[in-house]
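Here's the structure, in structure tokens; my notes come after.
The values are calculated or read from the model by the stated rules, or taken from the named source; none is laboratory data. Note that this is a predicted model, so its numbers are computed, not measured. With ideal geometry, Cβ positions are generated from the backbone for all residues, glycine too; neighbour counts draw on all protein chains shown. With ligands, DNA and RNA removed, areas are computed over all heavy atoms of the protein, side chains included. Shrake-Rupley method; radii C 1.70, N 1.55, O 1.52, S 1.80 Å.
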Amino acid sequence: MEFETVIGLEVHAQMLTETKIFCSCSTKFGAAPNSHTCPICLGMPGVLPVLNKKVVEYAMKMALATNCAINPTCEFARKNYFYPDLPKGYQISQYAYPLAEHGWLELEVNGGKKRIGITRIHMEEDAGKLLHDEHNPVSYVDLNRTGVPLIEIVSEPDIRGAEEAADYLKRLHEILVYLEICDGNMEEGSFRCDANVSIRPKGQKEFGTRAELKNMNSFRNVQRGLEYEIKRQQYIVENGGTIVQETRLWDDAQGVTNSMRGKEEAHDYRYFPDPDLVPVIVDEAWIGKIRADMPELPQAKRERFISEYQISAYDAGVLTSEKALAGYFEEVVAICAKPKQAGNWLMGDVMKFLNEDKKTIRECPITAASLAEMINLIDAGTISGKMAKDIVEEMYQSGKNPREVIAEKGMVQITDEAALAKTISSIIDANPQQLADYRAGKEKLFGFFVGQVMKATQGKANPQIVNDLLKKMLAK
Amino acid sequence: MELYQSTIHELQDKIKEGKTTATAITKSVLQRIDAVEEKVHSYIRVMKDEALSAAAEADKEIKKGNIKPLSGISIALKDIVCTKGIATTCGSHILHNFVPPYDASVVEKLRAAGAIFVGKTNMDEFAMGSSTETSYFGPTRNPWDLERIPGGSSGGSAAAVAADECVASIGSDTGGSIRQPAALCGIVGMKPTYGRVSRFGLIAFASSLDQIGPFTKDVEDCAIMMNVLAGYDRRESTSVNIDVPDYRQFAGRDIKGWKIGIPKEYFVEGIDPEVKAAIEASIKTMEKCGAQSVEISLPHTQYCLAVYYIIAPAEASSNLARYDGVKYGFRAPASELLDMYKKTRMQGFGAEVKRRIMIGTYALSAGYYDAYYKKASQVRALIKKDFEEAFKKCDVILTPTTPTPAFKIGEKTDNPLQMYLSDIFTISTNLAGIPGISLPCGFTKSGLPVGVQFLAGHFQEGKLIQVASAYERKAQIEKRRPKL
Ligand SMILES: [Zn+2]
């Protein structure tokens with residue numbers, strides 16, 4: 001039997017605000033346990049939440065970027081359950097009236113385009129963290145993360161495979177980072193994903209029973225987890241079994257998903273509107289202000305790069321994979337007006353250096369102006385492409401501009417024809433046998449003479465001039 | 001007259017004239033507490049040392065000529081408002097050892113206005129009750145008859161003012177918890193408009209209904225207290241940012257030509273005949289003041305109690321989830337998490353609190369939400385509309401505060417429904433979010449106080465001060481004091 005996979009994804013993205021969603025504690029990761037807390041996020045008696053407006057604005061950006069309709073009024077609701085990392089005994093989230101709904105995201109699928117529906121985007125607070133003592137039967141509670149703002153982005157069950165799911169996540173991740181509303185760090189939990197997975201016989205309209213998949217903390221794990229889960233479900237169905245609706249955890253080390261054994265299944269969260277908060281009213285003027293503040297999104301940028309700079313779709317993809325990289329590229333091109341070369345140097349040598357040092361483009365010691373200048377120097381013939389390879393490395397190491405590096409190393413290209421002719425003639429004189437053989441038809445020896453000239457000039461001779469002169473002088 | 005018997009404005013005048021000091025007032029009140037507290041049990045904690053040192057500080061300021069609205073005035077706080085460094089129990093075992101690291105907004109405001117805090121008063125556990133009998137620390141007694149309840153849930157704060165154990169006090173009112181005990185103790189109590197006084201630091205019972213307000217010995221004192229308490233607080237999202245008038249200015253004005261709305265739904269069977277007589281006399285007094293009484297209708301009155309007993313427990317069930325033994329307060333010893341939760345909450349909460357948590361949890365449960373919580377919210381909107389319509393026809397509404405005078409301790413503890421009925425005239429106010437005031441309007445033959453309630457539109461506390469003070473002047477209710 002042929003099966004079709006149906007996947008819906010729930011993404012939790014941590015908003016990059018300085019302070020928490022309902023108090024003024026810091027959101028910084030990695031502080032000493034419970035040092036970023038106050039009576040409000042500790043859920044002490046009598047304290048009250050006040051909404052951080054920045055969180056709404058960040059969430060609105062994501063809503064606009066994913067083509068959602070922002071509701072004129074939305075409200076916060078309490079999700080009630082007991083857990084030690086949840087100090088109030090409820091999580092403030094949104095339920096009946098989320099911030100935004102009915103959006104979509106476009107993916108490239110098999111050379112065509114496919115829209116994945118976005119059901120809703122809502123705001124909520126994060127819970128804390130439990131630390132279990134390895135040697136004693138006790139647990140500790142760290143509430144630094146409690147109240148850190150999150151948005152939840154829920155997709156429609158439009159995704160048809162593990163690869164498509166990973167692709168959707170990458171696009172979503174890219175947009176969040178582009179908007180500078182999420183740092184996208186999956187290891188630290190800034191970008192988390194749960195998946196609802198089911199299979200059905202091809203052509204069937206009704207959905208199959210779904211499993212909720214959790215604990216996949218990288219794009220690769222999402223893909224692996226889903227692939228495993230799809231196979232697992234197919235195996236069950238093909239062998240006459242039935243899928244159980246349950247939550248399953250991905251085990252990265254074993255490469256399998258395991259049932260949580262209905263632990264969380266029976267929850268009734270008793271959602272109701274939070275009486276401590278007032279509805280959030282979003283008017284057109286506010287949306288307009290946020291819209292005006294939106295950066296160019298990755299997909300639009302890719303398309304523009306292809307048409308404006310005449311570069312390949314692949315290159316455009318690489319250069320726009322990071323907003324800062326794209327910005328750097330455009331800065332270089334603005335000065336040197338050579339997009340192809342700029343792209344090559346950037347994607348080649350510069351990225352290689354950065355990757356080796358695990359640095360981002362923001363930390364690149366070569367300024368965009370320096371790289372552009374170097375490209376101009378190659379174009380003007382002042383340096384050769386080969387020399388440039390050494391120069392760019394020196395620029396990267398020292399942070400100096402190309403002219404400084406060239407001056408220090410005496411690396412200016414020799415273009416003086418008279419001087420080069422003199423060098424060539426002494427080389428010809430010193431190699432009578434090779435000259436005779438060349439003239440007798442052994443043309444391969446041309447390369448030998450080029451090499452001798454380059455050796456004599458320490459590689460600084462302009463190759464084009466050397467070529468022309470050698471041809472003339474060897475033929476005499 | 002002893003200092004402890006005085007009103008805020010009387011003491012203020014004396015301080016201004018240099019006839020007394022903060023220390024003298026504080027000592028007088030503390031002596032009074034020593035003398036009668038054993039009988040009344042208004043307090044969970046008397047802050048003797050803190051009060052005396054605060055009074056000494058206040059006297060230094062007063063000497064410098066820095067006299068504030070409440071300089072040297074002994075104020076008692078219901079043990080539901082958080083006090084930095086001082087245990088705040090909410091009348092519950094589960095918070096018996098909880099010491100907040102912060103002050104409630106009202107505490108900050110009162111302190112800034114020169115108030116001297118003399119203690120934290122007794123209350124029904126988590127403000128759930130109408131008699132102060134559900135307190136973990138034992139009941140408070142009505143100063144007028146020690147066999148009777150003082151009302152609740154702010155019974156300690158009301159009894160403390162009535163017994164002269166403080167000059168004024170702070171209570172909280174979710175369904176009548178200020179006005180009902182004020183009526184039963186023969187003093188003035190006001191529940192302001194929802195959003196008028198900050199709830200920051202008020203331990204939540206039902207967040208959409210809770211409101212802090214004052215207990216005082218007369219209406220002018222109520223205005224003085226409201227001047228200090230009212231105002232916007234950016235720490236509370238439901239706080240409303242509109243100007244606060246000088247409430248004291250309303251105290252002397254007349255009410256000639258005002259229309260006093262008498263809701264026909266409030267004068268039905270079940271009202272004690274002596275209460276009914278006192279209220280009818282109050283209506284006559286209003287007419288003597290030059291006002292005119294008009295019959296109005298609040299058609300959804302019959303649903304108020306049902307709506308309240310869904311919304312308040314629903315919110316409470318969520319608000320009280322934080323008392324789980326993990327972070328602060330009482331924790332029952334247990335070997336694993338679920339067991340700890342269960343034992344802590346089973347032993348930490350009293351019967352009435354557990355009853356309401358269960359009612360609220362049920363009302364919010366999947367499959368019941370629409371029939372209970374959602375429906376109740378819809379009816380609540382209709383109740384609010386009833387009042388909006390009514391205030392088109394009248395300036396203020398007059399009702400009895402309670403259907404009966406103070407009942408006996410233990411009389412209704414086994415019958416929660418009977419107990420709930422004692423708030424029948426006060427609950428609708430909280431559902432609508434409007435302000436209300438209760439003030440004495442007479443005594444029964446057996447000497448128990450009876451209260452009359454005035455209600456006004458949103459943020460019309462000034463009107464309430466005006467009508468209440470006009471009534472107070474005209475009615476000349478006999479100035480009696482409980483014999484203790
Ligand atoms: Zn905090």
- Considering only protein heavy atoms, what is the solvent-accessible area of B:Leu52 at a probe of 1.4 Å, reported in Å² to the nearest 10? 50
- Note on the structure: Per residue of A:47-56, other chain Cβ atoms within 10 Å number on average 4
- Item | Projected label distance in nm at A:Glu156 and A:Lys113, using a 7 Å step from Cα toward the beta-carbon | 1.6
- Considering Cα pairs under 8 angstrom that are at least six residues apart, work out the relative contact order of chain A and quote it in whole percent. 14
- Compare the peptides B:376-385, A:143-152, B:434-443, A:432-441 by average per-residue count of other Cβ atoms within 10 angstrom and give them in order, highest first. B:434-443, A:143-152, B:376-385, A:432-441
- Query: Where in the stretch A:121-138 is the amide nitrogen less than 16 Å from a point lying 7 Å along the Cα-to-Cβ axis of A:Tyr83?
  - Reply: A:124-132
- Taking only C-alpha pairs under 8 Å that are 6+ residues apart, what is the relative contact order of the stretch A:3-286 in percent? 25
- Identify the GluC sites (Glu not before Pro) of the stretch A:212-319 meeting these criteria: DSSP loop state and at most 15 other C-beta atoms within 10 Å of the C-beta. A:Glu264, A:Glu265, A:Glu296
- Select from the stretch B:347-395 all residues whose loss of accessible area on going from the chain by itself to the full protein assembly reaches 10 Å² or more (probe 1.4 Å). B:Thr361, B:Leu364, B:Ser365, B:Ala366, B:Tyr369, B:Tyr373
- Task: Compute the longest continuous run of chain B that contains no exposed GluC sites (Glu not before Pro); treat a site as exposed when its DSSP state is not H, G, I, E or B and it has at most 10 other Cβ atoms within 10 Å.
- Result: B:18-268
- Just the Cα atoms of the stretch B:176-216, one point each, no solvent: what log10 I(q)/I(0) does Debye give at q = 0.14, 0.31 Å⁻¹? -0.31, -1.07
- Note on the structure: The helix A:463-475 Cα axis meets the longest alpha-carbon principal axis of chain A at an angle in degrees, between 0 and 90 and rounded to 10, of 30
- Query: Expressed as a whole percentage, what fraction of the accessible surface of chain B belongs to carbon and sulfur atoms when a 1.4 Å probe is rolled over the protein heavy atoms?
  - Reply: 51
- Item | Simple label model, 7 Å out from Cα along Cβ direction - A:Ile335 to A:Ala436, nm | 5.5
- Task: Please state, to two decimals, what the Cα-based radius of gyration of chain A comes to when divided by 2.2 N^0.38 Å (N = residues).
- Result: 1.34
- Query: Taking Cα atoms, how many degrees apart are the long axis of helix A:385-398 and the longest axis of chain A, rounded to 10 and kept between 0 and 90?
  - Reply: 50
- First check a/c for the stretch A:240-332, with a ≥ b ≥ c the square roots of the eigenvalues of its C-alpha gyration tensor; if it is under 1.5, answer rounded, and if not, answer prolate when a/b is larger than b/c or oblate otherwise. oblate
- Query: On full extension of the chain, what length is gained from A:Ser307 through A:Met454, given 0.36 nm per residue of separation minus the C-alpha to C-alpha distance?
  - Reply: 48.9 nm
- Message: Using DSSP to call loops (not H, G, I, E or B), can you name the chymotrypsin sites (Phe, Trp or Tyr not before Pro) in the stretch A:28-124 whose Cβ has at most 11 other Cβ atoms within 10 angstrom?
- Response: none
- Between B:Gln292 and A:Ser259, what FRET efficiency comes out of the Förster formula 1/(1 + (r/R0)^6) with R0 = 51 Å and r the beta carbon distance, rounded to 0.05? 0.10
- Item | Average accessible surface area per residue within the stretch B:3-253, 1.4 Å rolling probe, Å² | 28
- Query: Looking at the protein assembly as shown from every direction and averaging, what is the projected area of its Cα convex hull in nm²?
  - Reply: 55.1
- Gained length - A:Phe207 relative to A:Cys38, 0.36 nm times residue gap less alpha-carbon distance: 56.3 nm
- Task: Go through the stretch A:193-237 and name the trypsin sites (Lys or Arg not before Pro) that are in a DSSP coil and have 15 or fewer other Cβ atoms within 10 Å of their Cβ.
- Result: A:Lys202, A:Lys205
- Over the stretch B:3-253, relative contact order from alpha-carbon pairs under 8 Å, at least 6 apart, %: 18
- Is the stretch B:3-253 rounded, prolate or oblate when judged by the Cα gyration tensor, a ≥ b ≥ c being the square roots of its eigenvalues, rounded requiring a/c under 1.5 and prolate requiring a/b larger than b/c? rounded
- Where the Cα pairs of the stretch B:255-307 fall when distances are cut into 5 Å bins, in %: 5, 18, 22, 22, 19, 10, 4, 1
- Accessible area of A:Val333, 1.4 Å probe, to the nearest 10 Å²? 20
- Message: In the stretch B:224-255, what residues drop by 50 Å² or more of accessible area when the other protein chains are put back, versus the chain on its own? Use 1.4 Å, and skip ligands and nucleic acids.
- Response: B:Ser237
- Put B:His96, A:His12 in order of accessible area, largest first, probe 1.4 Å, and you get B:His96, A:His12
- What's the FRET efficiency of B:Glu57 with B:Arg234 using the Cβ-Cβ distance as r and R₀ = 35 Å, to the nearest 0.05? 0.80
- What's the angle, to the nearest 10 degrees (0 to 90), between helix A:445-456's Cα axis and the longest principal axis of chain A? 80
- Query: Just how much of B:Lys60 is accessible, in Å², when a 1.4 Å probe is used and the result is rounded to the nearest 10?
  - Reply: 110
- Item | Number of partner chain Cβ atoms within 10 Å, mean per residue of B:315-328 | 6
- Item | Global geometry of the stretch B:429-484, whether rounded, prolate or oblate, following the gyration tensor of its Cα atoms and the 1.5 cut on a/c | prolate
- A:Glu134/B:Val99 FRET efficiency (R0 45 Å; Cβ-Cβ; nearest 0.05): 0.85
- With every protein chain left in place, what is the accessible area per residue of the stretch B:414-484 in square angstrom, probe 1.4 Å? 37
